[in-house]
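What follows draws every value from the coordinates through simple rules; no lab data is involved. From a predicted model like this one, the values you see are computed outputs, not experimental measurements. Quick reminder, even Gly has a Cβ in these numbers, built from the backbone with ideal geometry, and neighbours come from all protein chains shown.
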Amino acid sequence: GYPVHASLDGGILVLIGFGSIGRGVLPLIERHIDYDPAKFTVIEPSDEFAHILKKHGVRHLQVALTEANYVDVIKGLFPDGSKGMIVNLSVDVDSGDMMELAHNLGLPYVDTVYEPWPGWYFNPDMESIERCSYPDREELKNTAKEREGGPTCVTCCGANPGMVSWLMKEALLILAKDTGYEGATPKTRDEWARLAMDLGVKGLHIAERDTQVSNRPKGVGEFVNTWSVDGLFNEGFLPAELGWGTHEKKLPPHGHKWDFGPGYAIWIDKPGGETLVRTWVPGVGPQLGFVIVHEESLSIPDYFTVEDDDGKALYRPTCHYAYHPCNDAILSMHEIRGTCQLPEKKHILTAEEIVSGSDDLGVLLYGHAKGAMWYGTRLSNDEAVKLAPYQNATGLQVTSGVLAAMVWIIENPNQGIVWADQMDHARCLEVQKPYLGRVECHYTDWTPIAHRITNFPEERDEEDPWQFTNFLAK
Ligand code: NAD
């Protein structure tokens with residue numbers, strides 16, 4: 001048997017979206033959460049995977065949520081005063097509106113990304129600055145203050161954003177131990193931020209390498225990925241945004257600071273899917289990754305800011321995604337940049353068709369006494385298949401993060417709006433780890449200026465290898 005971590009106490013469970021993540025989370029919910037099968041509904045416009053819902057005895061409401069119908073559809077599933085939970089794993093459904101509705105209905109809520117209604121990602125009439133996350137995030141932080149003590153609403157919690165915030169804390173504790181740091185385990189946000197500062201962590205990458213491949217070559221014009229195709233190309237064509245460390249000397253080309261709020265992030269007037277950085281992951285070593293905008297690139301530096309008495313940032317790490325997607329996804333993105341058209345044929349590689357490879361996803365902490373350290377999950381598709389059905393390695397890292405969030409929500413019912421950084425990382429990883437394969441820590445003496453096989457001119461800061469200037473490859 002599997003351990004049952006939490007109970008919905010006969011409440012109503014509504015899952016929105018039955019894509020790669022929705023399908024993968026279903027068996028994990030069945031194993032680890034006590035719920036009433038008669039009160040479980042999945043809202044999903046497509047009937048492609050309806051047979052799975054049928055097999056598991058879950059009600060399928062075949063409808064697409066829209067700005068016009070979402071209130072009626074959701075209210076129709078939760079009669080006045082009913083208890084339960086909304087788990088939003090869809091695309092094209094506005095997270096802010098869903099959160100507000102859940103709040104008004106007194107229901108807990110979780111999603112894995114801050115998603116807008118259709119029409120926002122690709123709108124040539126909008127300026128780049130209008131498609132940045134920082135302003136919306138600052139607004140949501142204000143809403144969070146208004147909703148303090150309300151039903152728990154976990155925003156952006158899968159693998160990344162989500163799990164990586166928990167790995168960051170565990171990584172800091174390991175680094176503290178390995179460098180002989182003598183201090184108590186942090187309890188508050190400020191203490192966590194001070195630990196990162198005391199350890200001299202200048203920044204971190206969310207450093208990922210996906211090596212999963214199938215034995216069918218990708219067709220021309222076909223967009224292939226190991227998770228949501230829409231998700232990747234939507235976020236891949238947003239401006240690159242990243243957390244901006246206090247040690248940084250120079251903005252990158254096309255880089256902009258914000259003139260309001262705490263200013264923990266900058267944005268680059270170029271798509272994240274065209275912004276490449278040098279990074280490092282175990283197994284392959286040095287590699288290039290995309291600086292695709294993600295919630296954790298903003299939430300982590302915000303959380304780990306140490307302020308002086310005047311509220312000015314004394315310390316903050318640089319933080320961004322450095323993502324090497326699966327080979328087919330890299331080719332797909334390359335094609336889209338050429339065609340300048342949205343893809344018509346989309347395909348998510350299934351666990352069955354993947355013949356080899358793994359997803360290595362972790363935090364690469366750099367600039368401290370031991371140089372750089374990667375801490376994360378290394379999960380092969382072969383292992384993932386043995387652990388749970390309906391998903392590849394990438395999917396399982398995400399769905400186990402959603403499961404951890406659901407358990408934490410049930411255990412912490414009145415927290416209002418929270419980000420993964422504010423959750424109990426130890427409890428969440430305890431729930432998640434059985435699904436993460438090998439969780440490993442690796443130190444490396446690599447730096448972004450360490451190796452070159454050519455001698456072309458480039459901007460380099462030899463004094464401080466950990467400047468963003470040195471990571472940026474183009
Ligand atoms: P997917 O593309 O496989 O599935 C999305 C599903 O949403 C589809 O089945 C689609 O039919 C459904 N959908 C589309 N429009 C809808 C509407 N109007 N109402 C209801 N359902 C609708 O995506 P996925 O891989 O399952 O990912 C789901 C979400 O999770 C995406 O938003 C993705 O960006 C996010 N995600 C987050 C992480 C993370 O680690 N935080 C990782 C992977 C995916």
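Amide H to amide H, with H built 1.01 Å from N, LEU61 comes under 5 Å of VAL42, ILE43, GLU44, counting only residues 5 or more places away or on other chains. Working note: Karplus 6.51/-1.76/1.60 with θ = phi - 60° gives the range 86-103 the couplings 10, 10, 9, 10, 9, 10, 6, 10, 5, 5, x, 5, 5, 4, 5, 5, 4, 4 Hz, where Gly and Pro are set to x. Histogrammed with a bin width of 5 Å, the alpha carbon distances of the range 243-349 distribute as 2, 10, 17, 20, 17, 13, 10, 6, 3, 1, 0 percent, first bin at zero.
Cross-link pairs exceeding 19 Å between alpha carbons, from the set LYS257/LYS370; LYS250/LYS474; LYS55/LYS346; LYS169/LYS433; LYS386/LYS433: LYS257/LYS370; LYS55/LYS346.
For a label point 7 Å from the Cα of ASP36 along Cα→C-beta, name the residues of the range 11-25 whose backbone N is under 17 Å from it. Taking a point 7 Å out along Cα→Cβ of ASP36, the residues of the range 11-25 whose backbone N falls under 17 Å are 11-15.
Ranked by how many other Cβ atoms sit within 10 Å of their own Cβ, fewest first, the residues ASP269, ASP125, ASP72 fall in the order ASP125, ASP72, ASP269. Placing +1 on each Lys and Arg Cβ and -1 on each Asp and Glu Cβ, with no other charges, gives the chain a dipole about its Cα centre of roughly 1080 debye. Taking the charge dipole of the range 170-306 about its Cα centre, with +1 at Lys and Arg Cβ atoms and -1 at Asp and Glu Cβ atoms, the residue from TRP244, TRP192, GLY285 reaching farthest to the positive side is GLY285. Would you be so kind as to identify which of ALA329, TYR366, TYR390 lies farthest towards the positive end of the dipole of the range 321-474, taking Lys and Arg as +1 and Asp and Glu as -1 on Cβ and the Cα centre as origin? Selected residue: TYR390.
Can you sort ILE348, ILE453 so the residue with the fewest Cβ neighbours within 10 Å comes first?
ILE453, ILE348
For the range 182-277, the set of GluC sites (Glu not before Pro) satisfying both a DSSP loop assignment and a count of at most 11 other C-beta atoms within 10 Å is given as GLU182. Placing pseudo-labels 7 Å out from each Cα toward the beta carbon at GLU440 and ASP178 gives an inter-label distance of 1.3 nm.
Shape class for the range 320-474, computed from the alpha carbon gyration tensor (a ≥ b ≥ c): oblate, with a/c not under 1.5 and a/b at or below b/c.
Through the Karplus equation 6.51 cos²θ - 1.76 cosθ + 1.60, θ set to phi - 60°, convert the phi angles of the range 459-474 into ³J(HN,Hα) values in whole Hz; use x for Gly and Pro. Values, residue by residue: 6, 9, 10, 6, 5, 10, x, 8, 6, 4, 3, 6, 6, 5, 9, 5 Hz.
With a ≥ b ≥ c the root eigenvalues of the C-alpha gyration tensor of the range 33-87, is it rounded (a/c under 1.5), prolate (a/b larger than b/c) or oblate? Oblate, because a/c is 1.5 or more while a/b does not exceed b/c.
In the range 101-141, which GluC sites (Glu not before Pro) fall in coil by DSSP and have 13 or fewer other Cβ atoms within 10 Å? Don't skip to the answer; put the middle values down first.
Details: sites: GLU127, GLU130, GLU138, GLU139; in loops: GLU127.
Answer in residue order: GLU127.
Here the ratio of the Cα radius of gyration of the chain to 2.2 N^0.38 Å is 0.93.
From the square roots a ≥ b ≥ c of the eigenvalues of the alpha-carbon gyration tensor of the range 402-461, which class results: rounded (a/c under 1.5), prolate (a/b over b/c), or oblate? Taking the square roots of the gyration eigenvalues as a ≥ b ≥ c, the range 402-461 is prolate. Close amide-amide hydrogen proximity is noted between ILE12 and LYS83, GLY84, MET85, each under 5 Å apart and 5 or more residues distant or on a separate chain (H modeled in the peptide plane; Pro and chain starts excluded). When we measure straight from the Cα of LYS75, which lysines land under 24 angstrom away, once same-chain ones fewer than 8 places off are left out? Excluding near neighbours in sequence, the set is LYS39, LYS54, LYS83. Taking label positions 7 Å along the Cα-Cβ direction at both SER82 and THR185, the computed distance is 4.0 nm, reported to one decimal. Distance from the Cα centroid of the range 28-64 to that of the range 416-465 is 36 Å (rounded to whole angstrom). Value of Rg to Rh for the range 293-349, rounded to two decimals, is 1.26; Kirkwood radius and Rg both from alpha-carbon coordinates. By the count of neighbouring beta-carbon atoms within 10 Å, fewest first, SER90, SER380 end up ordered SER380, SER90.
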